[in-house]
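Enquirer: The structure that follows is given in the form of structure tokens.
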Amino acid sequence: MNQSTLLDILRYPDPRLHTVARPVAAVDDRIRGLIERMFATMYDASGIGLAATQVDVHERLVVIDVSEERNQPMVLINPEIEWASPEKRKGEEGCLSVPGIYDGVERSLAVRVRALDGEGHPRVIEAEGMLAVCIQHEMDHLMGKVFVEYLSSLKQGRIKSKLVKAQREAMRS
Ligand code: NI
């Protein structure tokens, strides 16, 4: 993949990660180009999901691919959760904006989401398992929420200082 197509991913605790995204007004060439670059960035970073918020674009758009073969790209534009199962489970999550950190977050086991796809067509997605978790995680990003905010303030503090230190060291080298 051409490096110039890759987007920079904001790293926690960058305050821009707490921006609430506005709806995508139209699925036009600009949005299609953004989708392409977001997929390239997500696959390059070996992620399973990426929200526009993470690349400093504050519009309600996420790209996801939870498949083993990395061949089931899914685009959610202006997603809204229509239903979330009351049954929840705690599972380990990570995030491209919080590199190297994994911790348990409780999520609904299944969700039903209404969204536009990459061509702007309305879709209803019924998801469970990893896809359901990923959709909830990415939709949190659009609300300015990073998964570490579900953890204790003690853990959040530790993660913040660890990442700030790592970023400082990366800048020096
Ligand atoms: Ni994330």
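Enquirer: For the range 113-153, how many residues are of a type in the set (A, V, I, L, M), within 16 Å of the ligand (Cβ to nearest atom) and open to solvent by 40 Å² or more (accessible area, probe 1.4 Å)?
Expert: Our first condition is that a residue be of a type in the set (A, V, I, L, M); within the range 113-153, this holds for 113, 115-116, 124-125, 127, 130-133, 135, 139, 142-143, 146, 148, 151.
Narrowing further to those that are within 16 Å of the ligand (Cβ to nearest atom): 130-133, 135, 139, 142-143, 146, 148, 151.
Remaining after also requiring open to solvent by 40 Å² or more (accessible area, probe 1.4 Å): 130, 133, 143.
Of the residues in the range 113-153, 3 are of a type in the set (A, V, I, L, M), within 16 Å of the ligand (Cβ to nearest atom) and open to solvent by 40 Å² or more (accessible area, probe 1.4 Å).
Enquirer: Taking Val20 as meeting all but one of (1) part of a helix (DSSP H, G or I); (2) open to solvent by 70 Å² or more (accessible area, probe 1.4 Å), write down the number of the exception.
Expert: Status for Val20: all satisfied but (1).
Enquirer: State yes or no: is Ala110 free of Cβ contacts under 8 Å to residues at least 40 places away in the same chain, farther than 25 Å from Ser161 by Cα, open to solvent by less than 30 Å² (accessible area, probe 1.4 Å) and over 13 Å from the mean Cα position of the chain (by Cα)? Full working, then the answer.
Expert: Details: free of Cβ contacts under 8 Å to residues at least 40 places away in the same chain: yes; farther than 25 Å from Ser161 by Cα: yes; open to solvent by less than 30 Å² (accessible area, probe 1.4 Å): yes; over 13 Å from the mean Cα position of the chain (by Cα): yes.
Yes, satisfied.
Enquirer: Let me ask something additional. Looking only at residues in the range 31-67 that are in a helix (DSSP H, G or I) and small (Gly, Ala, Ser), which one is nearest to the chain's Cα centre (by Cα)? Reasoning before the result, please.
Expert: Pass one, the range 31-67, residues in a helix (DSSP H, G or I): 31-44, 52-55.
Within this subset, residues satisfying the condition of being small (Gly, Ala, Ser) are 33, 40, 52.
Details: Gly33: 18, Ala40: 14, Ala52: 7 Å.
This residue is Ala52.
Enquirer: Moving on. Determine if the range 74-81 includes at least one residue that is more than 21 Å from Leu116 (Cβ to Cβ) and modelled with pLDDT of 95 or more. Step through it out loud before you land on a result.
Expert: Keep residues of the range 74-81 that are more than 21 Å from Leu116 (Cβ to Cβ), which gives none.
Checking the range 74-81: not a single residue is more than 21 Å from Leu116 (Cβ to Cβ) and modelled with pLDDT of 95 or more.
Enquirer: Ok, one more. Would you be able to say whether some residue in the range 72-95 is surrounded by 19 or more Cβ atoms within 10 Å (Cβ to Cβ), in contact with a strand residue (DSSP E or B) (Cβ under 7 Å, 6 or more places away or on another chain) and not in a strand (DSSP E or B)?
Expert: no
Enquirer: Taking the range 70-104 as the search range and keeping residues that are small (Gly, Ala, Ser) and away from the ligand (no atom under 16 Å from the Cβ), which one is farthest from the chain's Cα centre (by Cα)? Outline the logic, then answer.
Expert: Going through the range 70-104, the residues small (Gly, Ala, Ser) turn out to be 84-85, 91, 94, 97, 100, 104.
Then keep just the ones that are away from the ligand (no atom under 16 Å from the Cβ); that gives 84-85.
On the way: Ala84: 18, Ser85: 20 Å.
Only one residue tops the list, namely Ser85.
Enquirer: I would also like to ask the following. Please go through the range 36-60 and pick out each residue that is open to solvent by less than 60 Å² (accessible area, probe 1.4 Å) and either within 14 Å of the ligand (Cβ to nearest atom) or modelled with pLDDT under 95 (or both). Walk me through it before giving the result.
Expert: To start, the set of residues in the range 36-60 that are open to solvent by less than 60 Å² (accessible area, probe 1.4 Å) comprises 38-42, 45, 47, 49-55, 57-60.
Matches in the range 36-60: Met38, Thr41, Met42, Ala45, Gly47, Gly49, Leu50, Ala51, Ala52, Thr53, Gln54, Val55.
Enquirer: Also: Considering each residue of the range 1-17, count those that are of a type outside the set (A, V, I, L, M, F, W, C), open to solvent by 90 Å² or more (accessible area, probe 1.4 Å) and farther than 30 Å from Lys160 by Cβ, and give that number.
Expert: Just the residues of the range 1-17 that are of a type outside the set (A, V, I, L, M, F, W, C), to begin with: 2-5, 8, 11-16.
So of that shortlist, the ones also open to solvent by 90 Å² or more (accessible area, probe 1.4 Å) come out as 2-3, 8, 11, 15-16.
Next, only the ones that are farther than 30 Å from Lys160 by Cβ stay: 2.
Matching residues across the range 1-17 total 1.
Enquirer: With respect to Ser97, determine if the residue is of a type in the set (Ser, Thr, Tyr) and farther than 22 Å from Ala115 by Cα. Steps first, please.
Expert: On the way: of a type in the set (Ser, Thr, Tyr): yes; farther than 22 Å from Ala115 by Cα: yes.
Here the answer is yes, as Ser97 does meet what is asked.
Enquirer: Would you call Arg107 more than 16 Å from the ligand (Cβ to nearest atom), farther than 20 Å from Leu34 by Cβ and part of a strand (DSSP E or B)? Before the answer, list the steps.
Expert: Values: more than 16 Å from the ligand (Cβ to nearest atom): no; farther than 20 Å from Leu34 by Cβ: yes; part of a strand (DSSP E or B): yes.
Spelling it out, it is not the case that Arg107 is more than 16 Å from the ligand (Cβ to nearest atom), farther than 20 Å from Leu34 by Cβ and part of a strand (DSSP E or B).
The values are calculated or read from the model by the stated rules, or taken from the named source; none is laboratory data. Just so it is clear, the structure is predicted and the values come from calculations on it, not from any experiment. In this analysis, Cβ positions are derived from the backbone assuming ideal geometry, glycine residues included, and neighbour counts consider all displayed protein chains. These accessible areas exclude ligands, DNA and RNA; they are computed on the full protein's heavy atoms, side chains included. Shrake-Rupley method; radii C 1.70, N 1.55, O 1.52, S 1.80 Å.
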